[in-house]
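The values are calculated or read from the model by the stated rules, or taken from the named source; none is laboratory data. Because the structure is predicted, anything quoted here is derived from the model rather than measured. Here the Cβ is made from the backbone with ideal geometry for all residues, glycine too, and neighbour counts use every protein chain on show.
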């Protein structure tokens, strides 16, 4: 039995708030994973709202803490919490066909945050000019789908073109809808109240 | 639902979580290095043994991953399909089919890990792997996500039920996504503020006292197996 004699080093107020938000974003992403909706044009492609939270995290938390939020999400799934789409978990999923998307989430959230806010300090989400916001979201989308396609091609041992036609093209119209929805959310009072 | 910790007393339950993570990673490396019929047959025998040792039912575990089936089947189909006769080339589909099978094996190994390891043990393993403040934030954060997962799932189900009660399904998809985002975000902020206050009231610290991981003689064979797998992958 050993005794620790270090004094307790408290986490500061601002960092605690950011940790709490990152945790809640990770949990919200996990909570939306099993919820899918049906697209009127493509009923066989389930839409989960995970990427919506990737966008929102980047816009609201900024590059650093959005990255933390989705690293947490990934780790939570790795150690076995049922946070991935369809309530799945584990290293097998991350190394599976859709694993590229999961690895792309933290990168995309950081990209959205970095383009929307820049690297020094945060801007209020409703003060970010719309063109810059849209640019940030498109950049994030590009990152997440590039990672997803490369991951799918590597894991399934198929060509990049086949991978893009299988996992990117069917989802692009929905990604457009999510970007439009995110812009509307960033302009709503849900965020202004902060 | 098979993807959660199941209390037990098997050999795998008693292993140090770090050894289990190491074996899991070694299996993945070996599976990617030997995606051949012979290599995967050998790994199938190994994974079968692991599942037996960990008291993990194979068919029931695979059933819980059925959401993956479309992706696993799509790989070989897309690659084997051709435009025009003969429409489908079996030889082209073999490699993606082997890859799909490899995914199944990895899913089984990770199911065995999840069913035999407490989240708390995994947290300590994370903080051992990532020292310093990053490890504290990520290690503690995983526990917090576990705490809030059911709460937010409930929140979002409430939001959806409220939308349906007001004929939300008649609205456009963009509008529905926006509504879920706005209401979800409000809940997230409200809970985050209260949670941050609660953390501070309970002295959320960079240096908390954690359970001690102590490897035993049991970890020896597991580590040897992992090293052997890595050596086989390097051949």
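Is it the case that residue B:61 is within 7 Å of chain A (Cβ to nearest Cβ), at pLDDT 80 or above and under 17 Å from residue B:4 (Cβ atoms)? In short, no. With the condition kept exactly as written, say whether any residue in the stretch A:94-109 is at pLDDT 95 or above and surrounded by fewer than 22 Cβ atoms within 10 Å (Cβ to Cβ). Looking through the stretch A:94-109, at least one residue is at pLDDT 95 or above and surrounded by fewer than 22 Cβ atoms within 10 Å (Cβ to Cβ). Quick check on the stretch A:141-152. Is at least one of its residues within 30 Å of residue B:36 (Cα to Cα) and facing another protein chain (nearest Cβ under 10 Å)? So far as the stretch A:141-152 goes, yes, one or more of its residues are within 30 Å of residue B:36 (Cα to Cα) and facing another protein chain (nearest Cβ under 10 Å).
Give the residues of the stretch B:67-99 that are in contact with a strand residue (DSSP E or B) (Cβ under 7 Å, 6 or more places away or on another chain) and in contact (Cβ under 8 Å) with a residue 12 or more places away in the chain, sorted by residue number. Across the stretch B:67-99, the qualifying residue is only B:80. Taken as a whole, the stretch A:51-62 holds no residue that is surrounded by fewer than 22 Cβ atoms within 10 Å (Cβ to Cβ), touching a residue at least 12 places away in the same chain (Cβ under 8 Å), in contact with a helix residue (DSSP H, G or I) (Cβ under 8 Å, 6 or more places away or on another chain) and part of a helix (DSSP H, G or I). Of all the numbered requirements in (1) more than 25 Å from residue A:10 (Cβ to Cβ); (2) within 29 Å of the chain's Cα centre (by Cα), residue B:132 misses one, and that requirement is (1). Residues in the stretch B:160-178 that are under 31 Å from the mean Cα position of the chain (by Cα) and either closer than 17 Å to residue A:15 by Cβ or more than 9 Å from chain A (Cβ to nearest Cβ) (or both): B:161 only. With respect to being surrounded by fewer than 19 Cβ atoms within 10 Å (Cβ to Cβ), modelled with pLDDT under 90 and more than 13 Å from chain A (Cβ to nearest Cβ), residue B:94 falls outside the description. Comparison of B:102, B:4 shows that the only residue that is out of contact with any strand residue (DSSP E or B) (no Cβ under 7 Å at 6 or more places or on another chain), in a loop (DSSP other than H, G, I, E, B) and within 13 Å of another protein chain (Cβ to nearest Cβ) is B:4. Of all the criteria given as (1) at the interface with chain A (Cβ under 9 Å from one of its Cβ atoms); (2) farther than 18 Å from residue A:187 by Cβ; (3) within 30 Å of the chain's Cα centre (by Cα), the one not satisfied by residue B:197 is (3). Just one of the numbered conditions (1) surrounded by fewer than 20 Cβ atoms within 10 Å (Cβ to Cβ); (2) at pLDDT below 80 is not true of residue B:101: (2). Among the residues making up the stretch B:197-214, those that are farther than 15 Å from residue B:140 by Cα, in contact with a helix residue (DSSP H, G or I) (Cβ under 9 Å, 6 or more places away or on another chain) and modelled with pLDDT under 85 are B:212, B:213. Taking residues in the stretch B:141-153 that are more than 7 Å from every other protein chain (Cβ to nearest Cβ), and partners anywhere that are in a helix (DSSP H, G or I), the pairs with Cβ atoms closer than 8 Å and at least 6 places apart or on different chains are B:143/B:119; B:143/B:120; B:143/B:123; B:151/A:27; B:151/B:191. Output the residue which, of all residues in the stretch B:114-138 that are free of Cβ contacts under 8 Å to residues at least 24 places away in the same chain and part of a helix (DSSP H, G or I), is farthest from the other protein chains (Cβ to nearest Cβ). So, considering only residues that are free of Cβ contacts under 8 Å to residues at least 24 places away in the same chain and part of a helix (DSSP H, G or I), the one farthest from the other protein chains (Cβ to nearest Cβ) is B:132. Residues of the stretch A:73-93 that are on the phi > 0 side of the Ramachandran plot and surrounded by fewer than 24 Cβ atoms within 10 Å (Cβ to Cβ): A:86, A:87. Within the stretch A:153-173, the set of residues being surrounded by fewer than 17 Cβ atoms within 10 Å (Cβ to Cβ), under 23 Å from residue B:101 (Cα atoms) and within 11 Å of another protein chain (Cβ to nearest Cβ) comprises A:159, A:161, A:165. Within the stretch B:62-69, is even one residue farther than 30 Å from residue A:150 by Cα and either part of a loop (DSSP other than H, G, I, E, B) or in contact with a helix residue (DSSP H, G or I) (Cβ under 8 Å, 6 or more places away or on another chain) (or both)? No, there is no match, as no residue in the stretch B:62-69 is farther than 30 Å from residue A:150 by Cα and either part of a loop (DSSP other than H, G, I, E, B) or in contact with a helix residue (DSSP H, G or I) (Cβ under 8 Å, 6 or more places away or on another chain) (or both).
Taken over the stretch A:1-46, the residue count meeting the criterion of being more than 8 Å from chain B (Cβ to nearest Cβ), outside any loop (DSSP other than H, G, I, E, B) and at pLDDT 65 or above is 4. The number of residues in the stretch A:174-194 that are facing chain B (nearest Cβ under 10 Å), at pLDDT below 85, surrounded by fewer than 19 Cβ atoms within 10 Å (Cβ to Cβ) and in a helix (DSSP H, G or I) comes to 1. From the list B:192, B:196, B:226, which one is in the same structural domain as residue B:36 (by TED's automatic domain parsing) and surrounded by 13 or more Cβ atoms within 10 Å (Cβ to Cβ)? So the residue among B:192, B:196, B:226 that is in the same structural domain as residue B:36 (by TED's automatic domain parsing) and surrounded by 13 or more Cβ atoms within 10 Å (Cβ to Cβ) is B:226.
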